Amino acid sequence: MSESNSRSEQYEENSLSLVGSVAMGTGVMIGAGVFALTGQVAELSGGLFPLAFLAAAIVAGFSAYSYVKMAEHYPSAGGIAMFLMKAYGKSTVTAGMALLMYFSMVINESLVARTFGTYILQLFDAKDTQFLVPILGVGLLLAAFVINILGNKFIDKFSIIMAVIKIAGITIFAAAGLWVSGLTFESVGVTERTSTGGFLSATALALLAYKGFTTITNSGSEIVNPEKNIGRSIIISLLICLIVYLLISFAVAGNLPIGEIIESRDYALAEAARPAFGTWGIYFTVGLAIVATISGLIASTFAVSRMLAMLTEMKLVPHRHFGMPGSIHKHTLVYTVVFAISLTVLFDLSRIASLGAIFYIVMDMAVHWGVLKHVRKKIEANHWVPITALLLDVVILVAFLWMKATSDVLVIWVALGGISIVFMGERLFLRWNTDEGRVRDSDT
């Protein structure tokens, strides 16, 4: 067998199909978006929470343009890290922003893990036993680690099966909820909680429900025909998730008053199933949440660990084996799961989501600025789309920070502290790495 044929067969065996990459993107998005964020978005925007998901989809749509254009020219396992490298070179900005994306994705994993624990408890009427939430979340993270060790081909098939089950189940839930409600949506509209700042803040938080599309870019080297299929996967995933989110939002709004949605914000879908379908509806909803969170976490863990492995190979972050066998990807998988477990134990759903939103939007702004400033002509991108995406990011981030400054300022301090540590650490590492390289060159 020739070397070229051998490489071709290996590529096909280890690649994700278009359907598989769409399943991965929707798996990450739906896993966190519907079940973890519906109540929290309603708490910020009041009765306009379905429109907040629509507004977030518009923001994500403009943002996706930069990623699609970059992916067409620079597909790789590094995804966003590679995009930043092409825009800013091997710099502190590249390394720092790539790590912010990495951390926002790991934060999303802990969000999904705690969501899993929260919904499981609805089966046992154990709402007051909150210490079980992180324990169940940690168990799910460990299970995701084991499944990821099994390899890409298994993840591809598993993601497709789980995505089909999840989307079909959620569609059934939404359709039944809309039918039971009689298409009356008394909870939808302007309420006492509704304000411009609140709506924009809710849009920023709802954006987390769509940011899973970036997971697809982190699997660029795994996707068949990535120059075309990455962009297609992103667009299809966003459209599927928008439809699902709107159906679910209106189904919840049709079965619960806004006060009860906010009160049960961490398990709003399960609570909405109670008046509409009774006990069996709760079982069905919790079952969907389990499928959604499991598939989302497995897909996210795969992509995030790949991204960190690429950052290591690009010598943008330090790496230590600590005596572990296997490839760098196996090591980064361990680091990712350990960090996600730590967050799952230490933070509640609201603060986890807030930190993830801040980190992601800051990184997203850097991508758009890099496209505009450095590579727009190379990738043949129109200038007005990234400009619009950048402005939308600025508006919702400022509104979100203002809202948190008046309600939970600790989130802002933790976010600022985290960003400062990341950039100072990267600056020192890159400077040390460069100096070490110069010493080696002089010795030779």
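If you check every pair at least six apart or on different chains, which have Cβ atoms under 6 Å apart with a residue in the stretch 361-379 that is within 19 Å of VAL395 (Cα to Cα) first and a residue that is among the polar types (S, T, N, Q) second?
ASP364/SER63; VAL367/SER66; HIS368/SER66
Among the residues of the stretch 363-375, is there at least one that is in a helix (DSSP H, G or I) and basic (Lys, Arg)?
Checked the stretch 363-375: at least one residue is in a helix (DSSP H, G or I) and basic (Lys, Arg).
Here is a check on your reading of the model: is LEU54 aliphatic (A, V, I, L, M), in a helix (DSSP H, G or I), modelled with pLDDT of 85 or more and surrounded by fewer than 22 Cβ atoms within 10 Å (Cβ to Cβ)?
Values: aliphatic (A, V, I, L, M): yes; in a helix (DSSP H, G or I): yes; modelled with pLDDT of 85 or more: yes; surrounded by fewer than 22 Cβ atoms within 10 Å (Cβ to Cβ): yes.
So LEU54 fits the description; yes.
Would it be correct to say that GLY27 is at positive phi, at pLDDT below 85 and open to solvent by less than 10 Å² (accessible area, probe 1.4 Å)?
No.
Are any of the residues in the stretch 362-374 modelled with pLDDT under 85 and closer than 28 Å to GLY61 by Cα?
Looking through the stretch 362-374, none of the residues is modelled with pLDDT under 85 and closer than 28 Å to GLY61 by Cα.
Look at GLY278 and say whether it is free of Cβ contacts under 8 Å to residues at least 12 places away in the same chain and assigned to a helix (DSSP H, G or I). Give the steps one after another, and end with the answer.
Values: free of Cβ contacts under 8 Å to residues at least 12 places away in the same chain: yes; assigned to a helix (DSSP H, G or I): yes.
The answer is yes for GLY278.
May I ask you to list the residues in the stretch 90-127 that are open to solvent by 50 Å² or more (accessible area, probe 1.4 Å) and farther than 30 Å from LEU311 by Cβ?
LEU123, PHE124, ASP125, LYS127
State whether one or more residues within the stretch 230-239 are closer than 18 Å to PRO50 by Cβ, open to solvent by less than 20 Å² (accessible area, probe 1.4 Å), assigned to a helix (DSSP H, G or I) and in contact (Cβ under 8 Å) with a residue 40 or more places away in the chain.
The answer is no; no qualifying residue exists.
List the number of the failed condition for VAL224; all other conditions in (1) at pLDDT 80 or above; (2) out of contact with any helix residue (DSSP H, G or I) (no Cβ under 6 Å at 6 or more places or on another chain); (3) not charged (D, E, K, R) hold.
Here VAL224 clears every test but (1).
Considering only residues that are modelled with pLDDT under 85 and surrounded by fewer than 24 Cβ atoms within 10 Å (Cβ to Cβ), look in the stretch 75-89 and name the one that is farthest from PHE423 (Cα to Cα).
The residue in question is PRO75.
Hey, can you tell me all the residues within the stretch 337-366 that are among the polar types (S, T, N, Q) and open to solvent by 10 Å² or more (accessible area, probe 1.4 Å)?
SER342, SER350
Can you list the helices (runs of 4 or more DSSP H) found entirely within the stretch 128-206 that contain at least 1 residues being at pLDDT 70 or above, open to solvent by 60 Å² or more (accessible area, probe 1.4 Å) and of a type in the set (A, V, I, L, M, F, W, C)? Spell out how you get there, then give the answer.
On the way: elements: 132-149, 152-181, 196-206.
Where helices (runs of 4 or more DSSP H) fall fully within the stretch 128-206 and carry at least 1 residues being at pLDDT 70 or above, open to solvent by 60 Å² or more (accessible area, probe 1.4 Å) and of a type in the set (A, V, I, L, M, F, W, C), they are 132-149, 152-181.
Filter the stretch 353-384 down to the residues that are under 22 Å from the mean Cα position of the chain (by Cα) and aliphatic (A, V, I, L, M) and list them by number.
At the first step, the residues of the stretch 353-384 found to be under 22 Å from the mean Cα position of the chain (by Cα) are 353-371.
Listed by number, the residues that qualify are ALA353, LEU355, ALA357, ILE358, ILE361, VAL362, MET363, MET365, ALA366, VAL367, VAL371.
The values are calculated or read from the model by the stated rules, or taken from the named source; none is laboratory data. Predicted, not measured: the structure shown is a model, and the values here were computed from it. Glycine gets a Cβ as well: all are built from the backbone with ideal geometry, and neighbour counts include every protein chain shown. Note: accessible area is taken over every heavy atom of the protein model, side chains too, but ligands, DNA and RNA are not part of it. Shrake-Rupley method; radii C 1.70, N 1.55, O 1.52, S 1.80 Å.
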